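Taking it in order: structure first as structure tokens, then the write-up.
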Amino acid sequence: MGIGSTFGFCLTFDISTEKAVEKIIHVDGGRVLIVDDNDASREIIAKQVVAHGFDVDVEVEVVMSGKQALACLAKGKLFDAIIMDWKMPELDGVETLREINALHLTNSPFVIMATAYDSHDLENELVVQNLTAANILTKPFSASSLWDALNSCLGTVQEIKQEVETLVTDKQISLEGVRVLLVEDNQFNQELALELLDMRGIIADLAENGREAVELVAKNNNYDIVLMDCEMPIMDGYTATQKIRAEWGSELPIIAMTANVMADDIERAKKSGMNDHIAKPINFEAMMATIAKWALNTHNVSSNIEKITESIKANPVTKQDSNIMTNAHIDVQAGLKMLTGNKDLYMRLLKRFKENFSDSIVQLTSFLEANNLEEATCLAHTIKGTSANIGTITLQTFAAKIEKYCHDEDIKQAQDVLPDIQLSLNHVLIEIDNFLNSENTTEDEPVIQQSKAVSPEEFNTLVQILRENLENYDSNSEAAFLDLSKAVFIEKDKLALDKLASSIEDYDFEQALIGLNICYPEQG
Amino acid sequence: MNNSKRAVILAVDDAPEVLDIIKETLAADYDIKLATRGEIALKIA
């Protein structure tokens with residue numbers, strides 16, 4: 001053997017939610033059109049885009065004028081993003097942008113405007129013309145600020161595609177016929193939300209600001225739920241909510257959609273009369289869960305959980321779906337990565353999760369009902385840590401929320417998360433089952449334990465080895481138990497042996513030792 | 001390698017899955033003792 005030591009260690013971290021967002025806007029590629037009259041500038045931008053896109057598939061096309069750009073688009077060429085100079089002869093960037101909008105393209109690209117002049121002047125010009133650019137860059141710009149701007153555009157394209165895919169497969173709850181009033185000023189968010197709501201059969205009306213929202217509620221007061229952006233021009237979401245509450249009371253559920261997830265903002269939303277909130281960027285699973293919670297039944301939360309659970313049971317996930325579903329709620333790759341690819345260990349963690357956490361939300365619910373904040377915090381914390389280990393970010397996020405609310409002694413808020421976390425847990429449990437089943441059938445190992453004939457002396461030795469391991473709290477206890485259980489040919493006491501097995505699995509070696517001594521009393 | 005010279009590591013965590021991970025990762029190179037509660041850890045140490 002060589003001389004030297006090898007040290008290895010294993011640290012468990014909670015996955016930050018920031019990371020999750022970052023992952024969503026990971027860019028896989030895209031088509032970019034560069035419009036600039038200056039030869040050198042055009043070349044530099046093209047090089048920067050391509051250079052940064054080394055690991056992604058970015059197609060770049062360059063043109064020298066606004067006219068050429070329009071011709072390109074009019075021919076039906078598709079682009080995800082356009083990087084366009086402002087000051088160009090004939091048609092300048094802003095005019096070109098107006099013409100592009102006038103084309104009414106079905107897949108209209110994001111437009112990033114670039115200028116060597118004052119970017120504020122460009123901004124003003126855009127406002128005057130009533131146009132919006134996805135981003136404004138001041139020349140000369142660094143490769144990284146260009147790439148950031150591109151990422152936010154192309155990333156969003158990826159995000160939509162991804163979310164749409166997930167949601168198509170994710171139809172456990174019927175929200176068909178639910179009537180939603182969407183109040184949102186950002187055009188991109190509008191389109192995305194409306195499309196997703198429509199896919200679930202939800203009937204949605206759109207208000208572009210708070211004033212329109214109040215008018216729409218006045219006109220046809222038959223909405224099941226309002227999704228309310230907080231910061232909007234003309235009238236913000238808080239004011240609109242106050243007006244709706246003053247006029248029509250508190251029956252209509254109003255959900256705040258806000259990028260501010262600070263406690264104060266949530267508090268402000270609540271004060272203005274909103275019932276709940278969804279954080280932005282919107283997690284669509286959370287959005288659907290929130291709609292389900294408030295729109296399906298406005299007064300009884302626990303019956304909602306039942307409803308949701310029932311509908312999941314009524315639509316069991318079929319085997320073919322298992323791969324898609326696995327990707328939807330458990331990130332197997334992330335989970336495996338944390339365990340350096342040890343699949344057996346991962347499977348074991350999944351099994352353990354299923355055994356230990358199936359009823360965890362029921363427990364959590366009763367802790368909260370009994371005002372037992374200490375136990376509730378502790379359980380939420382455990383769920384959070386364990387979900388991180390197996391790679392289920394949604395469940396982890398909900399558990400973290402509950403932990404925080406418990407820590408702040410806000411039982412009401414914590415209870416509000418219960419339907420969400422139950423739903424998320426249900427998904428995860430179904431996926432664990434699917435995953436474990438699919439793994440079992442593919443490997444198909446003969447798990448029938450073959451009893452090995454051993455002499456009484458040998459058998460006693462095995463018992464003694466296990467005993468010593470247990471006495472020393474040694475991690476080999478489990479292996480020793482397996483050896484012993486293979487040698488058990490007479491079913492002594494199945495129940496006692498099972499208990500012994502589960503004590504060892506839970507690393508309760510003291511309890512296991514007691515159990516062992518009951519089965520096989522120490523001799524001499 | 002001489003078995004008696006292996007370093008001994010005591011891992012204490014109330015979450016058994018954490019002990020799973022530690023055991024799987026380190027058992028090939030170290031003698032591992034496992035405890036799910038602080039009192040047990042004190043007894044072992």
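Observations, loosely collected:
- Yes/no for residue A:308 being at pLDDT below 85, away from every other protein chain (no Cβ under 14 Å) and either in a helix (DSSP H, G or I) or surrounded by fewer than 16 Cβ atoms within 10 Å (Cβ to Cβ) (or both): yes
- Sole residue being surrounded by 14 or more Cβ atoms within 10 Å (Cβ to Cβ), within 14 Å of chain B (Cβ to nearest Cβ) and modelled with pLDDT under 90, chosen from A:480, A:501, A:512: A:501
- Within region A:265-297, being modelled with pLDDT under 80 and in a loop (DSSP other than H, G, I, E, B) holds for A:280, A:281, A:282, A:283, A:296, A:297.
- Condition broken by residue A:245, with the remaining ones in (1) within 28 Å of the chain's Cα centre (by Cα); (2) free of Cβ contacts under 8 Å to residues at least 60 places away in the same chain satisfied: (1)
- For region A:334-393, a residue qualifies if it is under 20 Å from residue A:417 (Cα atoms) and among the aromatic types (Phe, Trp, Tyr), and the qualifying residues are A:357, A:367.
- Condition check for residue A:54: out of contact with any helix residue (DSSP H, G or I) (no Cβ under 6 Å at 6 or more places or on another chain), part of a loop (DSSP other than H, G, I, E, B), modelled with pLDDT under 85 and assigned by TED's automatic domain parsing to the domain that holds residue A:138: yes
- Qualifying residue in region A:349-356 (condition: touching a residue at least 24 places away in the same chain (Cβ under 8 Å) and over 19 Å from residue A:430 (Cβ atoms)): no
- Residue B:8 vs. criteria more than 9 Å from every other protein chain (Cβ to nearest Cβ) and within 17 Å of residue A:476 (Cα to Cα): yes
- Selected residue (only one of A:367, A:357 is of a type in the set (Phe, Trp, Tyr), over 22 Å from residue B:17 (Cα atoms), surrounded by fewer than 23 Cβ atoms within 10 Å (Cβ to Cβ) and modelled with pLDDT of 85 or more): A:367
- In region A:405-426, the residues that are closer than 22 Å to residue B:14 by Cβ and either at pLDDT below 90 or assigned by TED's automatic domain parsing to the domain that holds residue A:264 (or both): A:407
- Residue in region A:120-129 that is surrounded by 14 or more Cβ atoms within 10 Å (Cβ to Cβ) and in a loop (DSSP other than H, G, I, E, B) present: no
- Selection status of residue A:383, within 14 Å of another protein chain (Cβ to nearest Cβ) and crowded, with 21+ Cβ neighbours inside 10 Å: yes
The values are calculated or read from the model by the stated rules, or taken from the named source; none is laboratory data. Just so it is clear, the structure is predicted and the values come from calculations on it, not from any experiment. Heads up, the Cβs are rebuilt from the backbone with ideal geometry, glycines too, and the neighbour counts pull from every protein chain shown.
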